[in-house]
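Working notes, beginning with the structure itself.
The values are calculated or read from the model by the stated rules, or taken from the named source; none is laboratory data. For clarity, every value in this text was computed on a predicted model and none was experimentally measured. Because the Cβ atoms are built from the backbone with ideal geometry, glycine has one as well, and the counts that use them run over all protein chains shown. Ligands, DNA and RNA are excluded from the accessible area calculation, which covers all protein heavy atoms including side chains. Shrake-Rupley method; radii C 1.70, N 1.55, O 1.52, S 1.80 Å.
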Amino acid sequence: MAIRAFGGRVAAVAATAGAALVTLGGPAHATGQPLPYVALGDSYSAASGVLPLDPSASPLCARSTANYPHVIAARTGAALKDATCGGAQTKDFAGSQYPGVAPQLDALSDDTRLVTLTIGGNDNNTFINTILACASAGIATAGQGDPCRTLYGDSFAKDIDGKTYPAVKAALEAVRNKAPKARVAVLGYPWIMPAKAQAGCFLKMPIASGDVPYVRDIQTHLNEAVRRAAAETGSTYVDLGTASEGHDACQSSGTRWVEPALFGTNFVPVHPNARGEAAMADLTTDALGLR
């Protein structure tokens, strides 16, 4: 999910899992050297909004040293090259996102053995359009009814199917081409909204009560598109759906993994906090057998 945006099955394992486990069976590379690990993706990968910031990154990326790639590298001893950047879209894999920020694919090479990423939430401005449009509609009706669903219907889902899904699949294929020996893990997005409206949530996430399941369905649709793209490119899909249930932005500060639009603790709202990033690292290392 973007800095400019309010975004944003435990694993579908590739058919080559047996061979990959030989390569990734422990924290060290087969040569005894640290595992060459490249992190790609948007602000959910970069942990935009979580301090401290990574001094090696462009300030425009708002990359944190507490993001899930850094957590994974610290746990496994992998040699991390972090190319994550808040606001990234799939197009930024092959092109420069900001002046001085290299295309993310440039971080990959034939030596890369592990790649993780979160991508797709910024394509077509899915997250920002959903949250802003539905919040505006919710405020207009004082939180009553389902004004966003009424206004936008299946337009978000159509964009995800027709544009985001093929773009994510093409991005994963490009990663494969640049790093043919790497195991690739693409994460879904943790829940932003609960399954049903909750008392008091409108103050933090101003979505009308009837639109809460609508916003949740849009995110479900996006995660399913990412899962499909992963399955079709031989990548591992890390599903955060079950694990992040009950940790959405409507929950208390000690429970939630994603900060709300209002009254949150991150300087970038509607993004994972440090707790959420650590949980994403947990699920990824479990899915890859790196523990």
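Provide the packing ranking of 209-219, 149-159, i.e. peptides ordered by the mean count of other C-beta atoms within 10 Å per residue, highest first.
209-219, 149-159
Can you tell me the accessible area per residue over segment 173-214, all protein chains present, probe 1.4 angstrom, in square angstrom? Don't skip to the end; give the middle numbers.
Numbers: 1550 Å² over 42 residues.
Here the residues of segment 173-214 average 37 Å² of exposed surface.
Can you give me the orientation-averaged projected area of the convex hull built on the Cα atoms of segment 161-291, in nm²?
Values: hull surface 35.3 nm².
Its Cα hull, projected and averaged over all orientations, spans 8.8 nm².
Once the other residues with Cβ under 15 Å from the Cβ of A78 are scored (Lys, Arg +1; Asp, Glu -1), what is the net sum?
Its environment carries a net charge of +4.
What is the P(r) of the chain, as percent of Cα-Cα pairs per 10 Å bin from 0?
Values per bin, smallest distances first: 7, 31, 37, 19, 5, 1, 0.
If you take the beta carbon distance between L132 and T242 as r and set R0 to 25 Å, what does 1/(1 + (r/R0)^6) give as a FRET efficiency, to the nearest 0.05? Write down the numbers at each step before the final one.
Working: r = 28 Å, r/R0 = 1.12.
The formula returns an efficiency of 0.35 here.
When the gyration tensor of segment 44-111 is built from Cα positions, what are the square roots of 5 times its three eigenvalues, in whole Å, from largest to smallest? If you can, show how the numbers build up before the last one.
On the way: eigenvalues 70, 51, 17 Å².
Computed over segment 44-111, the values are 19, 16, 9 Å.
Which Cα, out of L240, G210, A225, lies furthest along the positive dipole direction of segment 185-251 (beta carbon charges, K/R +1, D/E -1)?
Farthest along the dipole direction, towards plus: G210.
Quick check on the chain: of the DSSP beta bridges with both residues there, what percent are antiparallel, nearest 5%? Mind showing how you got there, number by number?
On the way: 4 of 20 bridges.
Just about 20 percent of them are antiparallel.
How compact is segment 221-291 by the rule of thumb for globular proteins, expressed as Cα Rg over 2.2 N^0.38 Å? Walk me through the intermediate numbers first.
Values: Rg = 13.7 Å, N = 71, 2.2 N^0.38 = 11.1 Å.
Computed over Cα atoms of segment 221-291, the ratio equals 1.23.
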